[in-house]
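See below for the structure under consideration.
The values are calculated or read from the model by the stated rules, or taken from the named source; none is laboratory data. Quantities reported herein were computed from a predicted structural model and do not represent experimental measurements. As a convention, Cβ positions derive from the backbone with ideal geometry for all residues, glycine included, and neighbour counts pool all protein chains shown. Quick note on the areas: whole protein, heavy atoms, side chains included, nothing else; ligands and nucleic acids left out. Shrake-Rupley method; radii C 1.70, N 1.55, O 1.52, S 1.80 Å.
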Amino acid sequence: MSEILGGIFTSHVPGIGGAIAKGLQNDPYWKPFFDGFPPIHRWLARKRPDMAVVFYNDHGLNFFLDKMPTFAIGAAREYRHEDEGWGLSFQRPFAGIPELSWHIIKTVVAREFDPVMCQEMLVDHAVAVPFELLWPGTESFPVRLVPIAINTVQHPLPSPKRCLELGRAVGRALRSWQGDERIVVLGTGGLSHQLEGQRAGFINKEFDRFCLDNIGPNPEALLQYDSLDLVELAGSQGVEILNWLAARGAMAGEVVELESNYHIPISNTAAATMLLECREPVPA
Amino acid sequence: MTALAAQRAGARRPIPGTAPFDGDLAMRGYALNAMCYSFNRAENREAFRRDEEGYMEKFNLSRPQKDAVRTRDVLAMLEAGGNVYYLAKLAGILGLNVQDLGALQTGQSVEAFKAALLAQGQTERRSAA
């Protein structure tokens, strides 16, 4: 039987990819962020997940405004990253697991979700940067990928409640999958940041703290907000917390926080990384 | 104001210094964002560098969009419907990073914008190990 081992949550700022490409992990500006990863690398080495379900948002690599899905699920044999306009592309391909993608799609549609289904899909820095952070330097990634994109670009965005429930539906699919995969769930982006407008540079430590304290033990606490509340509280790009909520939903049940790292600033962002482990099921 | 216009105006909730990218902005900005989306390809970035005016014309940018690009006025690009994720690709061609963009939009020097971010600096780690 497949098993959900845990969830990893991390910022995906494109500049992190640039820092990796230039080998700046020990540079004083970047080190406090990268220092959050060695304990996660040790956990990955111990738990050996072989597949990753990644909740993320596309920033204009695969999707344009001509067709903007609220939710899109990849069902490809392979995914690639490409140049997003700045000349940087990550070379390692991401192997897919289309049978599981279709199982997830069938399960979430049966639970009244209506995702766009993608047999071809480029994944942008919101998938590539976390993979580079989690599995640096390997010849190929040791996990196969199911990417699930959530619209955080064009309002109206899905509500926090809807995203948490999408995650829960995906979690049900994973638990009913008859394969023997060892699964890690990823939620990428955040925390508070805003790139545009007169409020560019906005950061909200208090709200970030609220998110970090609640995403594990009590994700429902975030459901008191709608998506525009999130814009106001977390900044117009801080709405990426929606990806964290969906990933947390997929974990289901109780979780234990093993690691958390919060660091300001990375680029214009309050960056964060968190590792949550699924608690063993307790027999009734 | 027509009832429809009033409904649309009333539906937009004010958030300080922030205009959420909604359907109205997405329609207004379509041409500008389509041009910026094309910059994912290196040959298109090169074509823009060679002939900005011709490239903007090819994508049917509106006059306010063209003026905003000509003057590198980021707030005017947003006002003309630009979305920051797509504008970031144009910014790359212009040699501007997100701190440069932040400075331009908030009327500060880049040093002051960066200093404001660093002034909030903190690192907080928790580990169960």
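Within segment A:76-107, the residues that satisfy the criterion of being assigned to a loop (DSSP other than H, G, I, E, B) and among the aromatic types (Phe, Trp, Tyr) are A:86, A:90. Total residues in segment B:7-34 satisfying the condition of being more than 11 Å from chain A (Cβ to nearest Cβ) and crowded, with 17+ Cβ neighbours inside 10 Å: the figure is 1.
Where residues in segment A:17-44 are of a type in the set (A, V, I, L, M) and more than 20 Å from the chain's Cα centre (by Cα), which of them is farthest from residue A:150 (Cα to Cα)? Only one residue fits best here, namely A:24.
Screening the candidates B:74, B:84, B:69 for the property of being buried (at least 18 other Cβ atoms within 10 Å of the Cβ), hydrophobic (A, V, I, L, M, F, W, C) and under 30 Å from residue A:213 (Cα atoms) yields one hit, B:84. Within the set A:232, A:259, A:240, the sole residue that is open to solvent by 20 Å² or more (accessible area, probe 1.4 Å) and of a type in the set (Asp, Glu) turns out to be A:232. What is the one condition in (1) in contact with an Asp or Glu (Cβ under 8 Å, 6 or more places away or on another chain); (2) surrounded by fewer than 24 Cβ atoms within 10 Å (Cβ to Cβ); (3) at the interface with chain B (Cβ under 10 Å from one of its Cβ atoms) that residue A:274 does not satisfy? Failing condition for residue A:274: (2).
For segment B:82-129, the tally of residues that are outside any helix (DSSP H, G or I) and within 7 Å of another protein chain (Cβ to nearest Cβ) stands at 11. Is it true that residue A:10 is open to solvent by 20 Å² or more (accessible area, probe 1.4 Å) and at pLDDT 95 or above? So residue A:10 fails the test.
Residues checked against (1) within 24 Å of residue A:125 (Cα to Cα); (2) within 9 Å of chain B (Cβ to nearest Cβ); (3) outside any helix (DSSP H, G or I); (4) at pLDDT below 95:
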{"residue": "A:223", "(1), (2), (3), (4)": "no, no, no, no"}
{"residue": "A:229", "(1), (2), (3), (4)": "no, no, no, no"}
{"residue": "A:241", "(1), (2), (3), (4)": "yes, no, no, no"}
{"residue": "A:244", "(1), (2), (3), (4)": "yes, no, no, no"}
{"residue": "A:250", "(1), (2), (3), (4)": "yes, no, no, no"}
{"residue": "A:257", "(1), (2), (3), (4)": "no, yes, yes, no"}
{"residue": "A:260", "(1), (2), (3), (4)": "yes, yes, yes, no"}
{"residue": "A:264", "(1), (2), (3), (4)": "yes, yes, yes, no"}
{"residue": "A:270", "(1), (2), (3), (4)": "yes, yes, yes, no"}
